[in-house]
Structure formats: C-alpha cells, structure tokens
Amino acid sequence: MTVDPNAATQSFPGGPDPGHRRPGPARYLVPALVAAAVAVALGAYGKVHDPEGTAFNLAGFSSTSAVKAWLATVAFAFGVVQVVSAFMVYGKLRGPSWAPVLHRWSGRIAFLVAVPVAVHCLYALGYQTYSTRVMWHSFFGCFFFGAFSAKMLLLRTERLPGWLLPVVGGLAFAVLTLLWLTSALWFFRTVGVTT
C-alpha cells in the first residue's frame, strides 16, 4: 500500500476552495516556533533546576543509568521501526497493508519509552555541560523533543509539500540516534552490557 504524501490530511467542509488561495507560511512557522519553545523550555528547566541525583529506578536493574540505557535502546529500536515503516508507507519499500498502523504505533511506543528517560535526565541530572559528550547529549535531548513536537503539529497541517514530513521525521530520528550514541552506547561501552 502506498500513501500519497501530497494528499490533504484533513478537509474542512464548507471552507474556501484551497485551489484559489495558497496557504500562508504560518502553517510552517507555528510548528517551528513551538519546536523552538519546547526545546528552549526543556533546556532552561534543566539548567535552572537543581539536580536531584535520581528520579526513578526499576527492579532488576543495577542503577538508574542502566535503566536509562535500556529504555533509550528500546526507544531507538522503535525509532528504526519508524524509519523502515515510513519507507513502506511512502512506497519506497514493499510492506504489508498494515505498515501505516505499524508506523503510528512504533512512534507512540518510542515516544512513551523516551519520556521517562527525558524526565530522569532533566529532573535527576539537569542540563549539563561538564564534558563535550554530556553537553551534546543535553542539547540533542532538548532538540529531539522540539523536533518531535514540530512533526506532530505538521501531521495535522493541510497540503504539506511531500518532502516536509520525511525531512522532519528523518531529523527527529537522526537526533534520536545521536542521543542514543551519546548515552546508551556510551554506557554499554564504558560499563558493559549490564542490567
């Protein structure tokens, strides 16, 4: 099954004919401004908040760092499913008829698994800059949730250029990959693959 990426995501009965008037730049500006606001707000909170040292732990794990590394790995794995299923939805790969459902649910799961990691990072550690790796990780974490917010808002926007959602989704996945590399992979290489 393929989906026309240029098709309208929703229609409003009784409204003006979209062929007569070209939509304004606000449909792109609002998601970009919201993305920037989310990223800056998370960074500001992380910077001014006094780190608590820990926010949660799960039974069976040796430390909160191990919990974060494994949850981040699960989020990254579902992010990979997101990319593969997006290729199926856009007709670039052959896939099952339920590829759009797989795409939506893998994204939801990736987000739900990433939220506790972000909450722990912001509440327990804050926005840190004491090393290059940690500084970039803090930046990428804030940027990811901004990019994710923009993607969710763009999904509800009518008549997007066919390239826009794949670019924003690809950007979100690229930043998620950088987050995973600067946290979970670093943890597994430094401490070992442990729970």
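The values are calculated or read from the model by the stated rules, or taken from the named source; none is laboratory data. Treat the numbers as computed from the prediction; the structure is a model and nothing was measured. Don't worry about glycine lacking a Cβ; one is built from the backbone with ideal geometry, like all the others, and counts go over all protein chains shown. We work out accessible area using only protein heavy atoms, side chains counted, and drop any ligands, DNA or RNA first. Shrake-Rupley method; radii C 1.70, N 1.55, O 1.52, S 1.80 Å.
For a quick check of your reading of the filter: which trypsin sites (Lys or Arg not before Pro) in the stretch 111-179 sit in a DSSP loop and have no more than 16 other Cβ atoms within 10 Å? Passing both the DSSP loop test and the Cβ count: 156, 159. Once both labels are positioned 7 Å from their Cα atoms along Cα-to-Cβ, the gap between residue 98 and residue 81 label points is 1.1 nm. Peptides 67-76, 35-44 ranked from most to least packed by the mean count of surrounding Cβ atoms within 10 Å: 67-76, 35-44. Inter-label distance, residue 158 to residue 194: 5.8 nm, where each label sits 7 Å from its Cα along the C-beta direction. Along the charge dipole of the stretch 65-195, which of 80, 128, 142 sits closest to the positive end, that is, farthest toward it, with unit charges on the beta carbon of Lys, Arg, Asp and Glu (+1, +1, -1, -1)? Result: 80. Surface composition of the stretch 22-175: carbon and sulfur atoms hold 73% of the protein heavy-atom accessible area at a 1.4 Å probe. Annotation note: chymotrypsin sites (Phe, Trp or Tyr not before Pro) in the stretch 123-163 located in DSSP loop regions with a Cβ neighbour count of at most 15 within 10 Å are 130, 163.
Averaged per residue, the stretch 130-178 has 49 square angstrom of accessible surface, using a 1.4 angstrom probe with ligands and nucleic acids left out.
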